[in-house]
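Taking it in order: structure first as structure tokens, then the write-up.
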Amino acid sequence: MTAEKSGTTGRRSGAETRADGTGAKNPPDDAAGAGPGSGSPDERASGADSSGEDDTAGTVTSAGKAKRTRKARRTGAAKAAGTASTADKTSTADKAGAGTDKAEADTEAGAEAEARDKADAAKKDGDAAEKNDTAKQDGTGDDEPADPWSAFGPAPEPVLGRPRRAVRAVGRFLVHEWTLAVVAALALAAAMTWPTLRYPRHTLPQDYWDPSLQAWQMAWSGHILRTNPAQLWHSNTFYPENWSFAFSDTLLGYAPAGLIGVGPEHAVLRYNIMFVLAHALAAFGAYALARQLGAGRIGGAVAGASFAYAPWLLAQAGHLHIISNGGIPLALAMLARGHGWSLRYGYRPRRRHAGWAFAGWLVAAWQLSLGFGIGLPFAYMLAGVVLVSVVLWFVRRRKVKRPFGRRLFLADVLGGLVFAAVGAALAVPYFKVAELHPNAERTIGDIGLYSPPASGFFTAPAESRVWGGLHEGARAVLPWHPEMTLLPGFVLYALAAGGLFFSVWRVRHRIFLLAGVLVTMALAMGTRFFGGRFTYVPLFDYLPGWSGLRTPGRMMLWTTLLLGLLAAGAVTAFCMRVRELAAERVPPWPGPWLRLATLLPLALVLVEGLNATPQPVVPRQPAALRTVDGPMLVLPSSQNLDQPVMLWSTDRFQPMVNGGSGFTPRSQARIREATVSFPDYASVDYLRQIGVKNVVVLRDELEGTPWEGMLDRPVDALGVAREQVGEAVVFRL
């Protein structure tokens, strides 16, 4: 029996058979292998560092020694009991041989009783020694005798009530890694985007052109979903055009925020809050992805900070649909977590979780709903990953048995269908716009205008507090520097370069990451990389929807993410080495300072991401926009001037000719051209024919525009009523 039990123990403590049948040991579940939101005991245990594994091994060794000691004592007690049994048999035989000798029987009975007493005493000594060893292992044993009254009234173990259990659960939640990561991401976003939240109702980051448009987009989506969802794509702007909400990226995923508040001030406040939250989500998503792939906490923080606060993104502060990229790494982290896959530890079937995989597909669909500008490359990347995964499964299907499982397979199928359905539903209006407005389609010539040279990868935008002034001369030679200053950070370059030689990632994974960096850089150069014949142009010609992307430089988003993962591998290896050095130091007092040094890469990345973004005050809404009905035209009108007008319409959302987007519809161009001579008979008649009832003229905006001097023209013979409403003049047709 002893041999059989030992064999069983050996099998349990030895190599554990994997799901693929190899019989090799599974890699240790390190902290870096924990996925986002991991809740199982194994996954919570994986949050410990490598020293925790050594402590665990020591505990197991001590437990094994204590077990062998207790077994030896039990063997001694059994031998004593065997002596008593032998004495029992001997006395019985002598009693049978002696017959009627009572004195001798009494003697044998006394010997039997004495043997039993010795056996009981030996057993009690063994039990006492075992309890003493257990107490010493628990840290509760000492030289003082136990309380003699505990045998009569042992104290019951405390039973926690519901309030105390709730408090304990809340406490565990508050100190959980992912709770702390969310709080840190929010606090860091508020600090790194400051002073966005100083006057959130009255200022907008960078300028008030595109941010006004995007503030209107969120307000319109919330308003129309609350009042008439069927008219979502037919907005109140660009009258009399239909499908006007699809003239640019829609930020439709932020529609729930648009349900709160009415009017321009609430729209500006909503925009600023979402601007800060977008940075927080980007940092948290990249942190979660790096942690799931196997990076340590500080390495993950470096990946998150570099992805959210790269200097090149400061030039995109006025483009919320580009800043809102956190769903990409977060979805990838969830999908990797659901499939039990890690860059550092490979495929681990025990960590599969269908719920995380399905959630990853939902987050990916939400990211796609924020706009195709960065969502379309993300969709093609996911399609490529699925294709490669299917091919690898087909090749290795005999080596890896059931790599998915039924639930995970269904989660992938359903999640993929949801993602595809969302993408198809969102694409329909854009294909309709492309059909109705051929001038909206991009050409290779348009792509060439926005394609940055190689020097753009080392040039920072003017909004960079550290490099903005120093790179002024380099920006001057760029044709369109807001889309061509693509510096991800010199610190990030250095950390990623170090990650090629010193990292926790395997060599082949470093090579794959480097290849991804080079490929995405070539794509970001558009037609500047050998004319784009082998990189961007084939995608432009053959991938549906790719021709609608006019700024190749935004592919730098993927370059930054891959550089961050390379840097995370290097920083994680650096932190592990520092822990080893701190443990070896004698005396140990420099240890905390050595550990503090591991935060230096994170601090340098954050310093390089400091902003000098202007915060202009949004022009005040004219009183006429709160009272005049539509359809209406606000003059003067242009691409930039119309964007604040869209924001001012968020009180009533009256139909208006004005609107700003990535292209100018021909009908809007004709209206602007026809009204340059307004008010005259031809312009008034034309506006009446298309259904415009009121024309609002902003007196303070006329100087320097084609409409300058229009207020001096007479209207008596035109049948037009003219009145002053605040600082605007209203012509009622």
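Here are the numbers for this structure:
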| item | result |
| --- | --- |
| Test: residue in region 529-540 that is under 20 Å from Pro329 (Cα atoms), among the small types (Gly, Ala, Ser) and either part of a helix (DSSP H, G or I) or touching a strand residue (DSSP E or B) at 6+ places or on another chain (Cβ under 8 Å) (or both) | no |
| Filter result (in a helix (DSSP H, G or I), in contact (Cβ under 8 Å) with a residue 40 or more places away in the chain and within 19 Å of Met484 (Cβ to Cβ)) within region 513-528 | Val517, Thr520, Met521, Ala524, Gly526, Thr527, Arg528 |
| Some residue of region 655-666 being open to solvent by 10 Å² or more (accessible area, probe 1.4 Å) and among the β-branched types (Val, Ile, Thr) | yes |
| Test: Thr485 is of a type in the set (Val, Ile, Thr), open to solvent by less than 30 Å² (accessible area, probe 1.4 Å) and part of a loop (DSSP other than H, G, I, E, B) | yes |
| Some residue of region 475-492 being out of contact with any Gly (no Cβ under 6 Å at 6 or more places or on another chain) and of a type in the set (D, E, K, R) | yes |
| Top-ranked residue in region 423-441 [being open to solvent by less than 50 Å² (accessible area, probe 1.4 Å) and over 27 Å from the mean Cα position of the chain (by Cα); ranked as modelled with the lowest pLDDT] | Ala440 |
| All positions within region 514-567 that are on the phi > 0 side of the Ramachandran plot and open to solvent by 30 Å² or more (accessible area, probe 1.4 Å) | Phe530, Gly531, Gly545 |
| Residue in region 314-338 that is farthest from Phe457 (Cα to Cα), counting only those that are more than 17 Å from the chain's Cα centre (by Cα) and of a type outside the set (Gly, Ala, Ser) | His319 |
| Residue match in region 436-453 (condition: among the acidic types (Asp, Glu), under 30 Å from Gln615 (Cβ atoms) and part of a helix (DSSP H, G or I)) | no |
| Residue in region 304-323 that is part of a helix (DSSP H, G or I), in contact (Cβ under 8 Å) with a residue 60 or more places away in the chain and among the hydroxyl-bearing types (Ser, Thr, Tyr) present | yes |
| Test: residue in region 343-361 that is surrounded by 24 or more Cβ atoms within 10 Å (Cβ to Cβ) and assigned to a strand (DSSP E or B) | yes |
| Single unsatisfied condition, Ser248 versus (1) crowded, with 18+ Cβ neighbours inside 10 Å; (2) modelled with pLDDT of 95 or more | (2) |
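Condition check ((1) open to solvent by 20 Å² or more (accessible area, probe 1.4 Å); (2) modelled with pLDDT of 95 or more; (3) more than 23 Å from Glu463 (Cβ to Cβ)) across all residues:
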position: Ala185; (1), (2), (3): no, yes, no
position: Ala191; (1), (2), (3): yes, yes, no
position: Thr196; (1), (2), (3): no, yes, no
position: Pro205; (1), (2), (3): no, yes, no
position: Pro211; (1), (2), (3): no, yes, no
position: Ala215; (1), (2), (3): no, yes, no
position: Trp220; (1), (2), (3): no, yes, yes
position: Asn236; (1), (2), (3): no, yes, yes
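Results for (1) open to solvent by 30 Å² or more (accessible area, probe 1.4 Å); (2) farther than 22 Å from Gly318 by Cα; (3) free of Cβ contacts under 8 Å to residues at least 12 places away in the same chain, shown as yes or no for each residue.
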| site | (1), (2), (3) |
| --- | --- |
| Gly445 | yes, yes, yes |
| Pro461 | no, no, no |
| His481 | yes, no, no |
| Gly489 | no, no, no |
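The values are calculated or read from the model by the stated rules, or taken from the named source; none is laboratory data. Here the structure is a predicted model, which is why all the values come from computation and not from measurement. In this analysis, Cβ positions are derived from the backbone assuming ideal geometry, glycine residues included, and neighbour counts consider all displayed protein chains. These accessible areas exclude ligands, DNA and RNA; they are computed on the full protein's heavy atoms, side chains included. Shrake-Rupley method; radii C 1.70, N 1.55, O 1.52, S 1.80 Å.
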